[in-house]
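Taken together, the values in this text are just the output of simple stated rules run on the coordinates, not laboratory data. Note that the coordinates shown come from a computational prediction; the quantities given were computed from them, not determined experimentally. Glycine also receives a Cβ, built like all others from the backbone with ideal geometry; neighbour counts cover every protein chain displayed.
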Amino acid sequence: MNNTYVIIMAGGVGTRFWPFSRTSYPKQFHDVLGTGRTLLQQTADRFNGVCPPENIYIVTSSLYKDLCQQQLPQLTDEQVLCEPVARNTAPCIAYACYKIAQRDPEANIVVAPADHIILKEEEFQRTILAALDATKSQDILVTLGIQPSRPDTGYGYIQYIPESGDTVKKVKTFTEKPHLELAQQFVDSGEFVWNAGIFVWNVQAIIKAFQAHLPEVAEIFEEGKEAYYTEAEKAFVDKAYSLTKSISIDNGVMEKAQNVYVVLSEFGWSDLGTWKSLYEVSDKNDDLNVVDGHVLLYDTKNCIIKTPKDRLVAINGLDGFIVAEYDNVLMICRKEDEQKVKAFVADAKEKGTHFV
């Protein structure tokens, strides 16, 4: 357990969850489910018993360092890694893994986003421990696979070889965010699972993968060996991020590597990327509404409504809508049109940056 580390990626803005998710206060810092714990706190809690608290590292924007430390006060400055600019997941993971490797060359690492929902926590831990058991003795890159429920174009799809192992199965192909027709073919075939975006590997395996498939990223972060865990780290990271390109770990490494494996997983997962995904995992009333707020409903069904507790809201005659209000922004949108939220955000920015 002392060689096990967790990297939590907490730098995203979560635009599709606007108006709750803002540049100044993204969704991972909100108590989205009304549990009394934010998504970031829930993610860290999930690894209690998997690794020591001092082995949890958060990678976030420098804008959110204080928020991270307020919500996870047990973390030291060394455990909050601040990115000067967003460069997608490959540089984020490279920074954290190269830093951890400097301290512990035998590190066995879990990488997880800060904004996912896991409903079956014990099953999640069992799955993670099974993956860690495989990666501590093999140079393999493991991802967790979720049975798809629809042809979603927002996920990566993994085709695996069914007979290749009991728990950890060899990946045949890895396709990041296919178009709808291809996603439909994947789901219909029954041979594909969603990539949950949660990865497990030993630090030597991922460093070899960066060297092979993203050599320019590897070269940049290898140069930080002398700077990690010193006062020189911030200056090094600022320079490194000015040099590195923006690329996801999926496109940069996972699609190309030959040593990718998947653990089929069933632990009540949602990436909580959109209002519709929150609706799907939330408790509903008799009219199939999800309500969080002080609300009067009349002839309204199949809606998700999240409004301030100090505001009384009366709604009549809606079917299948999102009604969301936060910090002086109210959005009313059909659930089926939720992909338009990004366009709303772009237009709202023209009205004033404080709205986004």
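Note the angle between two axes, namely the Cα long axis of helix 203-213 and the longest principal axis of the Cα atoms of the chain, as a number of degrees from 0 to 90, rounded to the nearest 10. Taking Cα atoms only, the helix is inclined about 90 degrees.
Axis of helix 89-103 versus longest Cα principal axis of the chain: the two differ by about 40°, to the nearest ten degrees. A cut-off of 5 Å between modelled amide H atoms, ignoring neighbours fewer than 5 places along the same chain, links Y155 with K177. Beta bridges per DSSP, both residues in the stretch 241-356: antiparallel share near 35 percent.
Set against the labelled values (1) 27; (2) 33; (3) 43, percent of Cα pairs over 32 Å apart computed from this structure falls on (2).
For the stretch 199-299, a/c is not less than 1.5, where a ≥ b ≥ c are the root eigenvalues of the C-alpha gyration tensor, and a/b tops b/c. That puts it in the prolate class. The phi-based Karplus calculation (6.51 cos²θ - 1.76 cosθ + 1.60; θ = phi - 60°) puts the 3J(HN,Hα) values of the stretch 152-167 at 7, 8, x, 10, x, 10, 10, 9, 10, 9, x, 8, 7, x, 6, 10 Hz, whole numbers, x for Gly and Pro.
Taking the charge dipole of the stretch 275-355 about its Cα centre, with +1 at Lys and Arg Cβ atoms and -1 at Asp and Glu Cβ atoms, the residue from S282, I305, C333 reaching farthest to the positive side is C333. DSSP assigns beta bridges within the stretch 4-270; of those with both partners inside it, close to 50 percent run antiparallel. Ignoring everything except DSSP H segments at least 4 long, calculate the 222 nm mean residue ellipticity for the chain; use -39,500 (n - 2.57) per segment, divide by total residues, nearest 500. Roughly -8500 deg cm²/dmol at 222 nm, from the helical runs in the chain. Of T89, T143, T173, which has the largest mean-square fluctuation in a 10 Å C-alpha GNM of the chain? Maximum fluctuation in the GNM of the chain, among the listed residues, is at T173. Rounded to the nearest 10 degrees, the inclination of helix 180-189 to the longest alpha-carbon principal axis of the chain is 70 degrees.
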